Amino acid sequence: MFLALSVLALLLVAVTMGLSLAHALEFPGKLRLDEPTYRAVQAIYYPGFTVGGLVGELGGMLVLAVLLFLTPMNTDRFWWTAAALSLLIVGHATYWLVTHPVNSAWLKDTQLGGASQFFFGLLSAPDADWRHMRDVWEWSHVARAGFATLGFLSMTMAVAR
């Protein structure tokens with residue numbers, strides 16, 4: 001069971017890494033877009049990436065926390081798992097403190113309902129030049145990709161131990 005939980009954690013961390021790397025790899029191309037095109041492209045992310053983030057990121061943090069609780073503290077596996085969890089938490093905090101406020105600002109004039117309205121109503125950034133907001137959003141995803149990749153590598157080391 002421990003191995004199965006470890007593999008599940010690795011899979012969820014891989015989903016988190018994959019989603020953040022996808023955003024980071026788009027960065028150079030998206031810098032060439034004008035404002036209307038950039039804003040149109042941004043709208044395609046919300047359904048899929050929101051669900052993927054919920055499953056991968058939150059699921060990964062939950063499974064890593066359980067795994068950490070079940071792992072003996074005086075082992076390499078414990079510390080690699082703790083590093084993976086810490087890196088996912090820092091990446092998640094980056095989302096809420098940097099990325100999400102920009103998402104909320106961009107969606108403030110969009111008709112949303114139910115859970116989406118509540119979710120994107122949280123922590124809205126003040127209006128700013130769209131290029132500044134674009135740069136904040138894009139660089140936050142580059143940072144999140146780095147945290148997720150290091151988290152994946154840490155979890156890989158934990159499974160290998």
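Can Leu19 be described as touching a Phe, Trp or Tyr at 6+ places or on another chain (Cβ under 7 Å), at pLDDT below 95, in a helix (DSSP H, G or I) and open to solvent by 40 Å² or more (accessible area, probe 1.4 Å)?
Yes: the conditions hold for Leu19.
Among all residue pairs at least 6 apart or on different chains, which show Cβ distances below 9 Å where the first residue, located in the stretch 134-161, is modelled with pLDDT of 95 or more and the second is outside any helix (DSSP H, G or I) and open to solvent by less than 40 Å² (accessible area, probe 1.4 Å)?
Ala158/Thr71
What pairs come up if the first residue lies in the stretch 1-26 and is farther than 30 Å from Trp137 by Cβ, the second is assigned to a helix (DSSP H, G or I) and open to solvent by 60 Å² or more (accessible area, probe 1.4 Å), and their beta carbons are under 8 Å apart, counting only those six or more places apart or on different chains?
Phe2/Leu70; Leu5/Val66; Leu5/Leu70
Among (1) open to solvent by 30 Å² or more (accessible area, probe 1.4 Å); (2) over 22 Å from Val15 (Cβ atoms); (3) at pLDDT 80 or above, where does Pro101 come up short?
For Pro101, the failing item is (1).
Within the set of pairs 6 or more residues apart or between chains, which connect a residue that is part of a helix (DSSP H, G or I) inside the stretch 76-93 to a residue that is surrounded by fewer than 17 Cβ atoms within 10 Å (Cβ to Cβ) with Cβ atoms less than 7 Å apart?
From residues that are part of a helix (DSSP H, G or I), the pairs are Asp76/Arg161; Arg77/Arg161; Phe78/Pro72; Trp80/Met157; Trp80/Arg161; Leu85/Ala65.
The values are calculated or read from the model by the stated rules, or taken from the named source; none is laboratory data. Keep in mind that this is a model prediction, so the values were computed, not measured. Positions of Cβ are backbone-derived with ideal geometry, glycine not excepted, and every protein chain shown enters the neighbour counts. To get the accessible areas, we keep the full protein, side chains included, count just its heavy atoms, and leave off ligands, DNA and RNA. Shrake-Rupley method; radii C 1.70, N 1.55, O 1.52, S 1.80 Å.
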